[in-house]
Amino acid sequence: MKTLLININSLVTVSANGAATKTGASMRDVGEIVDGAVLFDERILWIGPSSESSEYHGDDVEVVDCKGKTVMPGFVDSHTHMVFAGSRSDEFARRLAGESYSDIAAEGGGILTTMRAVREADLEALINVGDALLTSALEHGSTTIEIKSGYGLDVESELRLLDAIGQLQRGHEARVIGTFMGAHAVPPEYKTEPERYVNLVINEMLPKVKEQGVASFCDVFTDAGFFTIEQSERILLAAREHGLRLKVHADEIALIGASHMAARLGCISADHLEHSTRDEIRALRGAGVVCTLLPGTAYTLRLPYPDAREMISQGAIVALATDCNPGSCFSENMQTILSLACINMNMSIEEAIVASTLHGAAALGLAEHLGSIEVGKFADIVVYDVPSYKNIVYHFGVNHVWGAWVGGNEM
Ligand code: NIG
Ligand code: FE
């Protein structure tokens, strides 16, 4: 069965003519076709003006009239921590009353609060949390979602989180990509001997993570109060030996050299970058590391926003993601993330769209197959009930999604 969307007011292809990225000034071009049409089965078969679509009608083609609507590639949310247990609404309220994220973390709250809840949670409970958030993310336009472990912080709990992610990968309609993040925080039992925890991650977790086969990436929280450059580098190099690709949470709390490490190691992405300066950006750009910005986290934690303008003018590959997690950003809604990016990081609507589709795919090494509406790519397509893509950012705080297909299957 094929699907033909016709009379699309605003068809946003994000075409890069087969390339994996659109940097610098080309981020301002979203390849819009006004009054467009698109034909697909599992993959995109044809794109063009609606006036030329009648030759594609047929018995095996379902025709959908998209008059007055906008069609875009599904968002690729390349950075989330959507599988967890418990709630941190009380800590959120404490932060509103003046306590800082780092103070709460240093007292054994923050990530460790979620760790305690995860250690108590069984597999089914973890799957249920992830399933509900994935469904909501898909309903808000995300068709591919990366999910990290990192709230178990012992061998068994980290593997259980990844097991839940693997089950969601197989069972959920959205595409799910798994990341191992055993080095998200040092658990309390290793508080005085963090090196022993690093050894546990390297010698016990990584081989089992590899054997389990769910994770494609390894991520580390390289920041003040979490993992040092030396510890992070040891973990990431070991992860690479196990065939995982590398990501880093960098420059969120302080500048300790995490971006430079990401560049040196050739990480696929460096994420956060709230405190990155020109110098860090130059290193990331030079090494082709995707700069994944998480404006929902800067918003929630009242951090400075990353310098997206400097990144784009230097020609860095800028991506946007939610960071959806119970602590620093509890939102799975990429439409909101685009609004935050445009209003608070001075990105144009077009730049935000490229960053949240094609460059999200690039941050997962999937831009060859996902992230734009181009012939041959997977048909991950979202229809919005607005006459122009601009309205998705302009008319904010509501969900504009009208329909979606993942790999040609209607959601
Ligand atoms: O990306 N920065 C580190 N990790 C998460 C926060 C996790 C949490 O607070 O639970 C983040 O912001
Ligand atoms: Fe994160």
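The values are calculated or read from the model by the stated rules, or taken from the named source; none is laboratory data. The structure presented is a predicted model; accordingly, all values stated were derived computationally and were not measured. A quick note on method: Cβ atoms are made from the backbone with ideal geometry, for glycine too, and the neighbour counts reach across all protein chains shown. When the accessible area is computed, the model is the full protein with side chains, heavy atoms only, and any ligands, DNA or RNA have been set aside. Shrake-Rupley method; radii C 1.70, N 1.55, O 1.52, S 1.80 Å.
For segment 323-332, indicate whether the set of residues that are aromatic (Phe, Trp, Tyr) and farther than 30 Å from Val209 by Cα is non-empty. No, every residue in segment 323-332 fails to be aromatic (Phe, Trp, Tyr) and farther than 30 Å from Val209 by Cα. Taking the criterion of being open to solvent by 30 Å² or more (accessible area, probe 1.4 Å), touching a helix residue (DSSP H, G or I) at 6+ places or on another chain (Cβ under 7 Å) and more than 16 Å from ligand 1 (Cβ to nearest atom), the residues of segment 161-193 that qualify are Asp163, Gln167, Glu173, Tyr190.
Among the residues of segment 335-346 satisfying the criterion of being farther than 12 Å from Asp77 by Cβ and open to solvent by 10 Å² or more (accessible area, probe 1.4 Å), which is nearest to ligand 2 (Cβ to nearest atom)? Ranking the qualifying residues of segment 335-346, first place goes to Leu340.
Taking the criterion of being β-branched (Val, Ile, Thr) and within 11 Å of ligand 2 (Cβ to nearest atom), the only residue of segment 314-334 that qualifies is Thr322.
Consider Ala16 carefully, then state whether it is part of a loop (DSSP other than H, G, I, E, B) and open to solvent by less than 30 Å² (accessible area, probe 1.4 Å). Yes. State which residue is farthest from ligand 1 (Cβ to nearest atom) when the search covers only segment 127-160 and only residues that are open to solvent by less than 10 Å² (accessible area, probe 1.4 Å) and hydrophobic (A, V, I, L, M, F, W, C). So the residue we want is Leu134. Considering only segment 202-210, I want to know if a residue exists there that is in contact (Cβ under 8 Å) with a residue 40 or more places away in the chain, open to solvent by less than 30 Å² (accessible area, probe 1.4 Å) and not charged (D, E, K, R). Looking for residues that are in contact (Cβ under 8 Å) with a residue 40 or more places away in the chain, open to solvent by less than 30 Å² (accessible area, probe 1.4 Å) and not charged (D, E, K, R), one finds at least one in segment 202-210, hence yes.
Are any of the residues in segment 74-94 in contact with a helix residue (DSSP H, G or I) (Cβ under 9 Å, 6 or more places away or on another chain), farther than 25 Å from His272 by Cβ and not aromatic (Phe, Trp, Tyr)? Among the residues of segment 74-94, not one is in contact with a helix residue (DSSP H, G or I) (Cβ under 9 Å, 6 or more places away or on another chain), farther than 25 Å from His272 by Cβ and not aromatic (Phe, Trp, Tyr), which makes the answer no.
In this entry, Leu244 is excluded by the filter for residues that are open to solvent by 10 Å² or more (accessible area, probe 1.4 Å), over 18 Å from the mean Cα position of the chain (by Cα) and more than 16 Å from ligand 1 (Cβ to nearest atom).
Of all residues in segment 21-67, those being within 25 Å of Thr357 (Cα to Cα), open to solvent by less than 60 Å² (accessible area, probe 1.4 Å) and of a type in the set (Gly, Ala, Ser) number 7. Filtering Ile317, Ile312, Ile256, Ile281 for residues that are at pLDDT 95 or above and either touching a Pro at 6+ places or on another chain (Cβ under 7 Å) or closer than 19 Å to Ser339 by Cβ (or both) leaves a single hit, Ile312.
For segment 77-130, filtered to residues that are under 26 Å from Arg175 (Cα atoms) and acidic (Asp, Glu), the residue that is nearest to ligand 2 (Cβ to nearest atom) is Asp77. Against the conditions (1) over 26 Å from Ser216 (Cα atoms); (2) touching a helix residue (DSSP H, G or I) at 6+ places or on another chain (Cβ under 9 Å), Ser51 satisfies every one except (2). The listed residues are Phe396, Phe378, and the only one of them that is touching a Leu at 6+ places or on another chain (Cβ under 9 Å) and farther than 18 Å from Leu320 by Cα turns out to be Phe378. Which one of these is surrounded by fewer than 18 Cβ atoms within 10 Å (Cβ to Cβ) and hydroxyl-bearing (Ser, Thr, Tyr): Ser328, Ser259, Ser232, Ser313? One residue alone meets the criteria, Ser313.
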